[in-house]
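Each remark here refers to the structure printed beneath this line.
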Amino acid sequence: MAPGGLFHCLLLLWLLLGLSWGPAALGSPVAESGTGHPLARLRRATASPCRLWSLTLPVAELGLGYASEERVVFRYCAGSCPHGARTQHGLTLAWLRGQGRAHSGPCCRPTRYADVAFLDDSHRWQRLVQLSAAACGCE
């Protein structure tokens, strides 16, 4: 991935979700609490190793068209991935990148997902299958 490419991907995701500026705008690692300016946290997320991050959002900010006053935890993967080749595919990709014929390295992405449920404004339970990341890895 080009330098800053992951940063731009996360920024696009952030904009698509319509997240607001504020103390919890970009989330924090699941095991830590985030502090500071949202863009600083975004840079920290892309500079850190691939891991699970978490945002608590109103259901309406998921961008899926549901009306609900509830908030849900949305977990996603962010961070950098080593360029080490562990498979034949990785070895070939590294070799092609060295020749300038391939343009991307390993990506931080979910390896497992979790469902999320909430009560909508009509008092019906909604279950969003595989909405949240449950584990992350480099692929």
Out of region 48-71, which residues are among the hydrophobic types (A, V, I, L, M, F, W, C) and touching a Gly at 6+ places or on another chain (Cβ under 6 Å)?
-> CYS50, TRP53, LEU55
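Limited to region 125-139, what total is found for residues that are free of Cβ contacts under 8 Å to residues at least 24 places away in the same chain and either surrounded by 12 or more Cβ atoms within 10 Å (Cβ to Cβ) or not aromatic (Phe, Trp, Tyr) (or both)?
Narrowing region 125-139 to residues free of Cβ contacts under 8 Å to residues at least 24 places away in the same chain: 125, 127, 129-130.
Next cut, either surrounded by 12 or more Cβ atoms within 10 Å (Cβ to Cβ) or not aromatic (Phe, Trp, Tyr) (or both) only: 127, 129-130.
Counting residues in region 125-139 that are free of Cβ contacts under 8 Å to residues at least 24 places away in the same chain and either surrounded by 12 or more Cβ atoms within 10 Å (Cβ to Cβ) or not aromatic (Phe, Trp, Tyr) (or both) gives 3.
Looking at region 95-124 only, could you name the residues that are open to solvent by 40 Å² or more (accessible area, probe 1.4 Å), outside any loop (DSSP other than H, G, I, E, B) and either farther than 22 Å from ALA135 by Cβ or touching a Leu at 6+ places or on another chain (Cβ under 7 Å) (or both)? Steps first, answer last, please.
Quick first cut of region 95-124, residues open to solvent by 40 Å² or more (accessible area, probe 1.4 Å) only: 95-101, 103-104, 107, 109, 111-113, 115, 117, 119, 121-124.
Then keep just the ones that are outside any loop (DSSP other than H, G, I, E, B); that gives 95-98, 109, 111-113, 115, 117, 119.
The answer is TRP95, LEU96, ARG97, GLY98, ASP115, LEU119.
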Would you mention how many residues in region 82-121 are closer than 30 Å to ALA60 by Cα, out of contact with any Cys (no Cβ under 7 Å at 6 or more places or on another chain) and in contact (Cβ under 8 Å) with a residue 24 or more places away in the chain?
-> 6
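The values are calculated or read from the model by the stated rules, or taken from the named source; none is laboratory data. Everything numeric here is computed off the predicted structure, so don't read it as measured data. Don't worry about glycine lacking a Cβ; one is built from the backbone with ideal geometry, like all the others, and counts go over all protein chains shown. We work out accessible area using only protein heavy atoms, side chains counted, and drop any ligands, DNA or RNA first. Shrake-Rupley method; radii C 1.70, N 1.55, O 1.52, S 1.80 Å.
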